[in-house]
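Asker: This structure is in structure tokens; I'll ask about it shortly.
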Amino acid sequence: MEIGIGIWAFVIYLVAIIIWMIPLKRNIAESMGVGFLLVALFNGGGITGYIETVSTSLLSASKESSFLATMLFLMMAVIMAKSGVISKLIELLNSLIGRIKGGAAYVSTTASFMFGIVSGNAIANGSTVGAITVPWMKESGWPNNIAATINAGNAGVGQSMPSCSALYILLGLAEVASEMTTGEAYIAVLSGGALTFIYRIIRVWLYTKKYDVQAVPADQIKPLGESFKDNWTSLLMLVGIAVPLLITMGPFSTFLTNAVSFGKDAVKSINIVLWVPIIVSIICFIVGRKNMPKTGKEWVSVIRSCQSSFATVGGVLLFALAASNVLTMVGFDQSLKSILEALNLPGFIMILLTCILVVLVAGPLSAVATTAAVGQVAYASFVGAGVHPINAIVAFMICISTEGASPPSSSPIFISAGLAGVKDPKVMFKPLITDYVIPLIGVATLVAMRWLPVIK
């Protein structure tokens with residue numbers, strides 16, 4: 001079996017990223033940049049050809065709609081954090097479901113899911129939601145280590161959502177873009193994320209029965225009427241998600257398509273992943289205007305405080321998309337296809353091994369870095385095993401949603417341990433693996449096999 005130049009290029013790319021990040025302890029954006037510059041060498045053409053490959057690939061990557069969408073989602077996350085909308089949402093959820101046995105954990109899981117839809121950041125999810133719900137869990141009788149486990153297990157749910165930056169790296173792959181629209185991917189990934197939410201709810205129910213946990217203390221629950229009056233505006237952020245979806249699918253979409261004044265082309269031109277962060281940001285800005293910066297100086301301070309994350313995520317995405325372009329140039333996809341055909345493994349085995357590979361890589365790396373490193377390989381492996389392209393995307397996103405729950409290096413594990421007062425985070429490792437990582441691998445496999453449905 002001959003190994004093509006595309007495979008060698010990918011191996012060098014992956015090794016460079018890992019070495020630069022872990023032994024050398026450099027940041028992920030810089031690591032991705034080094035990986036890209038090295039892989040560009042494989043396209044040949046001498047100095048002139050190298051410069052042309054680098055510049056052309058970077059320019060092409062910067063024009064991707066997925067790049068702009070990621071920046072918009074990051075800005076949306078900043079506005080959400082400043083507006084206080086999430087705190088309002090959690091308080092409302094507490095009034096709705098906090099009174100049932102184990103209610104605090106149900107609130108934590110539901111809030112993480114809703115925050116994940118619009119944020120897609122495991123660390124932000126674990127710290128923001130956990131800061132409120134972990135104390136509730138402890139006061140209602142949850143063991144400290146289980147409260148921390150639930151929070152860490154929920155933290156990564158946003159990685160299975162359309163707002164996750166990793167999705168846009170995948171959508172930037174040429175072979176993916178040719179198979180589906182952004183809107184199709186958005187809806188399918190959202191439905192896949194819903195499956196992981198359902199599993200997490202079942203997990204909380206099983207924990208509740210095992211530990212006989214009670215409801216949130218009554219003195220910490222506002223009457224529903226009062227809570228709804230104070231916090232109903234937090235639900236408006238869901239309008240920002242619903243409106244683009246309603247316009248682009250379902251009966252209303254059909255109406256607009258057939259309307260003389262609108263038409264099919266106008267409907268198709270609506271980019272969900274661009275409009276969702278814009279509308280949600282506007283809504284959160286209006287709802288939380290009292291908490292937003294009032295002066296130009298305050299806004300400058302806010303922008304400075306998040307410029308590092310913007311630069312990091314933007315750099316990662318730019319270099320990942322550029323590297324993907326180069327790998328396509330050097331024939332990586334064809335080389336990988338040839339190897340997969342030569343292995344001739346049963347489809348189920350190939351799917352399961354691919355899911356395990358993604359989860360193992362996501363342990364030490366972030367979801368974005370994992371996608372940049374093995375996203376192309378995983379997608380090709382899934383499709384090569386007979387998986388529908390959309391199901392392949394959804395399965396991959398479910399796998400990387402283990403980021404917050406993958407011992408020993410996932411940041412949300414240690415954030416959750418600190419919030420719950422767990423002195424030794426190692427006590428969380430076993431339940432995280434058995435109760436979150438392995439079952440989510442199972443969910444991803446079932447989605448890939450089409451035994452669990454996703455909306456297309």
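Asker: Considering only residues that are of a type in the set (Ser, Thr, Tyr) and outside any loop (DSSP other than H, G, I, E, B), look in region 263-305 and name the one that is modelled with the lowest pLDDT. Outline the logic, then answer.
Answerer: Just the residues of region 263-305 that are of a type in the set (Ser, Thr, Tyr), to begin with: 269, 281, 295, 301, 305.
Now drop any that are not outside any loop (DSSP other than H, G, I, E, B), which leaves 281, 301, 305.
Details: SER281: 84, SER301: 80, SER305: 72.
Applying the filter and picking the extreme gives SER305.
Asker: Given the residues GLY314, GLY375, which is the only one that is under 20 Å from LEU38 (Cβ atoms) and in a helix (DSSP H, G or I)?
Answerer: The conditions single out GLY375.
Asker: Right, SER381: of a type in the set (Ser, Thr, Tyr) and farther than 27 Å from ILE339 by Cα or not?
Answerer: Considered against the rule, which asks whether it is of a type in the set (Ser, Thr, Tyr) and farther than 27 Å from ILE339 by Cα, SER381 comes out as no.
Asker: Within region 375-391, restricting attention to residues that are of a type in the set (A, V, I, L, M, F, W, C) and under 18 Å from GLN334 (Cα atoms), which residue is surrounded by the most Cβ atoms within 10 Å (Cβ to Cβ)?
Answerer: In the first step, residues of region 375-391 are kept if they are of a type in the set (A, V, I, L, M, F, W, C); the result is 377-378, 380, 382-383, 385, 387, 390.
Now drop any that are not under 18 Å from GLN334 (Cα atoms), which leaves 377-378, 380, 382-383, 385, 387.
Numbers: VAL377: 21, ALA378: 24, ALA380: 22, PHE382: 26, VAL383: 19, ALA385: 21, VAL387: 24.
Looking at the filtered set, the residue picked out is PHE382.
Asker: Give the number of residues within region 10-33 that are farther than 18 Å from ALA311 by Cβ, in contact (Cβ under 8 Å) with a residue 40 or more places away in the chain and either surrounded by fewer than 21 Cβ atoms within 10 Å (Cβ to Cβ) or among the hydrophobic types (A, V, I, L, M, F, W, C) (or both).
Answerer: Summing the residues that are farther than 18 Å from ALA311 by Cβ, in contact (Cβ under 8 Å) with a residue 40 or more places away in the chain and either surrounded by fewer than 21 Cβ atoms within 10 Å (Cβ to Cβ) or among the hydrophobic types (A, V, I, L, M, F, W, C) (or both) in region 10-33 gives 4.
Asker: Another question, then. Please verify whether ILE187 is buried (at least 18 other Cβ atoms within 10 Å of the Cβ), in a helix (DSSP H, G or I), β-branched (Val, Ile, Thr) and within 20 Å of the chain's Cα centre (by Cα), treating the condition exactly as stated.
Answerer: Details: buried (at least 18 other Cβ atoms within 10 Å of the Cβ): yes; in a helix (DSSP H, G or I): yes; β-branched (Val, Ile, Thr): yes; within 20 Å of the chain's Cα centre (by Cα): yes.
For ILE187, the condition - buried (at least 18 other Cβ atoms within 10 Å of the Cβ), in a helix (DSSP H, G or I), β-branched (Val, Ile, Thr) and within 20 Å of the chain's Cα centre (by Cα) - is met.
Asker: Scan ALA342, ALA372 and give me the residue that is in contact (Cβ under 8 Å) with a residue 60 or more places away in the chain and surrounded by fewer than 16 Cβ atoms within 10 Å (Cβ to Cβ).
Answerer: Answer to the selection: ALA342.
Asker: Another question, if that's okay. If the requirement is being modelled with pLDDT of 80 or more, outside any loop (DSSP other than H, G, I, E, B) and farther than 24 Å from GLY35 by Cα, which of these qualifies: LEU327, LEU353, LEU345? Walk me through it before giving the result.
Answerer: Numbers: LEU327 fails: farther than 24 Å from GLY35 by Cα; LEU345 fails: outside any loop (DSSP other than H, G, I, E, B).
Of LEU327, LEU353, LEU345, the one residue that is modelled with pLDDT of 80 or more, outside any loop (DSSP other than H, G, I, E, B) and farther than 24 Å from GLY35 by Cα is LEU353.
Asker: Please go through (1) crowded, with 19+ Cβ neighbours inside 10 Å; (2) within 27 Å of LEU440 (Cα to Cα) for PHE332 and return the number of the only condition it doesn't satisfy.
Answerer: Answer for PHE332: the failing condition is (2).
Asker: Next up: Quick one: which of PHE42, PHE36 is closer than 30 Å to GLY116 by Cα, part of a helix (DSSP H, G or I) and either modelled with pLDDT of 90 or more or touching a helix residue (DSSP H, G or I) at 6+ places or on another chain (Cβ under 6 Å) (or both)?
Answerer: PHE36
Asker: Hey, another quick one. For region 398-424, which positions are in a helix (DSSP H, G or I) and surrounded by fewer than 22 Cβ atoms within 10 Å (Cβ to Cβ)? Step through it out loud before you land on a result.
Answerer: Pass one, region 398-424, residues in a helix (DSSP H, G or I): 398-400, 403-405, 411-420.
Across region 398-424, the qualifying residues are SER411, PHE414, GLY418.
Asker: Sort out which residues of region 101-147 are charged (D, E, K, R) and either surrounded by 24 or more Cβ atoms within 10 Å (Cβ to Cβ) or in a loop (DSSP other than H, G, I, E, B) (or both), and write them in order of number.
Answerer: Going residue by residue through region 101-147, those that are charged (D, E, K, R) are 101, 138-139.
Answer for region 101-147, where residues must be charged (D, E, K, R) and either surrounded by 24 or more Cβ atoms within 10 Å (Cβ to Cβ) or in a loop (DSSP other than H, G, I, E, B) (or both): just LYS101.
Asker: Among SER160, SER140, SER165, which is of a type in the set (S, T, N, Q), under 17 Å from the mean Cα position of the chain (by Cα), under 26 Å from PHE414 (Cα atoms) and modelled with pLDDT of 85 or more?
Answerer: SER160
Asker: In region 436-453, what residues are aromatic (Phe, Trp, Tyr) and touching a residue at least 40 places away in the same chain (Cβ under 8 Å)? Step through it out loud before you land on a result.
Answerer: Start the filter on region 436-453 by keeping residues that are aromatic (Phe, Trp, Tyr), which leaves 436, 451.
The answer is TYR436, and nothing else.
Asker: Here's something else I'd like to know. Quick test for you: out of GLY288, GLY314, GLY331, pick the one residue that is of a type outside the set (A, V, I, L, M, F, W, C), touching a residue at least 60 places away in the same chain (Cβ under 8 Å) and at positive phi. Explain how you work it out, then say what you get.
Answerer: Values: GLY288 fails: at positive phi; GLY314 fails: at positive phi.
Exactly one of GLY288, GLY314, GLY331 is of a type outside the set (A, V, I, L, M, F, W, C), touching a residue at least 60 places away in the same chain (Cβ under 8 Å) and at positive phi, namely GLY331.
Asker: If you don't mind, another one. Of all residues in region 5-33, which are of a type in the set (A, V, I, L, M, F, W, C) and not in a helix (DSSP H, G or I)? Spell out how you get there, then give the answer.
Answerer: Going through region 5-33, the residues of a type in the set (A, V, I, L, M, F, W, C) turn out to be 5, 7-12, 14-22, 24, 28-29, 32.
Within region 5-33, ILE22, LEU24 meet the criteria.
Asker: While we're on this one: Which pairs have Cβ atoms under 9 Å, sit 6 or more apart or on different chains, and link a residue in region 40-61 that is closer than 21 Å to LEU173 by Cα and in contact (Cβ under 8 Å) with a residue 60 or more places away in the chain to one that is surrounded by fewer than 20 Cβ atoms within 10 Å (Cβ to Cβ) and of a type in the set (D, E, K, R)?
Answerer: ASN43/GLU52
The values are calculated or read from the model by the stated rules, or taken from the named source; none is laboratory data. Everything numeric here is computed off the predicted structure, so don't read it as measured data. Using ideal geometry, Cβ is built from the backbone for each residue, glycine included, and neighbour counts are taken over all protein chains shown.
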